[in-house]
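To start, the structure itself, in structure tokens.
The values are calculated or read from the model by the stated rules, or taken from the named source; none is laboratory data. The shown structure was predicted, so the numbers you read here are calculated from the model rather than taken from an experiment. Virtual Cβ from ideal backbone geometry, glycine too; neighbours counted across all protein chains shown.
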Amino acid sequence: MTDMDIFARAYNSGDEFAQVVAACEKLGDYCVIGGHGVNAYSHTVFTADLDLVIASDKLETVARDLVAQGFIREDFEYSVNFRKPGSRLMVQFSTDEFYRDFYQGAVTKQVLDMPVKVAAIEKIITGKIAAWQDASRRPTKRLKDELDLARLLEDNPGLRHLFPPKIVMTVFPPPSGRARELR
């Protein structure tokens, strides 16, 4: 059973993920961020959210394409979201200025067994750190962000210098006895 098979069963999703990727691929200048972006650089943890960034001048074209394919659109302050009736996949195109250029330097990686453009790992880390430090987010969301950062560091220890000390200490604790002193 593939990752896509598991995802489709768990989230009652047909080919919505592939439809979104295809719509973005037609236009280019997009990338996956968020949990699926983390999964591209670490072991898979399933999430129903598909977070993306696309060049601002291409968002409306993608939106029209997705609506024509049966997706329902919802606009929020920092995102434009899409969902197909019956599916639990929530597609979120970030419109937050912070993520505006994340698609620049994107690389093709496997996500749910599909080649998709994913933000560079340094940008994924930066985005996750910002989300983790955002005190306005729900505590459970921030804990998930912390876990995502720990997964990224565990699987990419050469990038240790990009992570906050608390995350480094969680993944690579000092020898016993010193941990309490450093916290």
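When region 120-152 is filtered for residues that are crowded, with 21+ Cβ neighbours inside 10 Å and either under 10 Å from Val38 (Cβ atoms) or over 13 Å from the mean Cα position of the chain (by Cα) (or both), the ones remaining, listed by number, are Ile124, Ile125, Gly127, Lys128, Asp145, Asp148, Leu149, Leu152. Among residues of region 158-183 that are on the phi < 0 side of the Ramachandran plot and at pLDDT below 95, those with a beta-carbon under 7 Å from a residue that is surrounded by 11 or more Cβ atoms within 10 Å (Cβ to Cβ) and assigned to a loop (DSSP other than H, G, I, E, B) at least six positions away or on a different chain give the pairs Ala179/Pro173; Leu182/Pro174.
Within region 134-143, the set of residues being out of contact with any helix residue (DSSP H, G or I) (no Cβ under 8 Å at 6 or more places or on another chain) and in a helix (DSSP H, G or I) comprises Pro139, Thr140, Leu143. Close Cβ contacts (under 7 Å, 6 or more residues apart or on different chains) running from residues in region 107-120 that are touching a residue at least 12 places away in the same chain (Cβ under 8 Å) to residues that are of a type outside the set (Ser, Thr, Tyr) and assigned to a loop (DSSP other than H, G, I, E, B) comprise Val107/Ala120; Lys117/Ala106; Val118/Ala106; Ala119/Phe102; Ala119/Ala106; Ala120/Gly105; Ala120/Ala106. Among the residues here, Phe82 qualifies as under 26 Å from Ala55 (Cβ atoms) and part of a strand (DSSP E or B).
Going through region 85-125 one residue at a time, which ones are within 25 Å of Phe7 (Cα to Cα), of a type in the set (Ser, Thr, Tyr) and in a loop (DSSP other than H, G, I, E, B)? Passing the criteria: Ser87, Tyr103.
Here Gly14 fulfils each of the conditions (1) surrounded by 15 or more Cβ atoms within 10 Å (Cβ to Cβ); (2) in a loop (DSSP other than H, G, I, E, B) apart from (1). Looking at Val45, is it at pLDDT 95 or above and either touching a Leu at 6+ places or on another chain (Cβ under 6 Å) or of a type in the set (A, V, I, L, M) (or both)? Taking the combined requirement at face value, the residue does not satisfy it.
Quick check: is even one residue across region 42-62 in contact (Cβ under 8 Å) with a residue 24 or more places away in the chain, farther than 24 Å from Ala150 by Cβ, touching a Ser or Thr at 6+ places or on another chain (Cβ under 7 Å) and crowded, with 22+ Cβ neighbours inside 10 Å? Break it down stepwise before answering.
The first filter runs over region 42-62 and keeps only residues in contact (Cβ under 8 Å) with a residue 24 or more places away in the chain, leaving 42-46, 48-56, 58-59, 61-62.
Next, from what is left, pick out any that are farther than 24 Å from Ala150 by Cβ: 54-56, 58-59, 61-62.
Remaining after also requiring touching a Ser or Thr at 6+ places or on another chain (Cβ under 7 Å): none.
No, the conditions are met nowhere in region 42-62.
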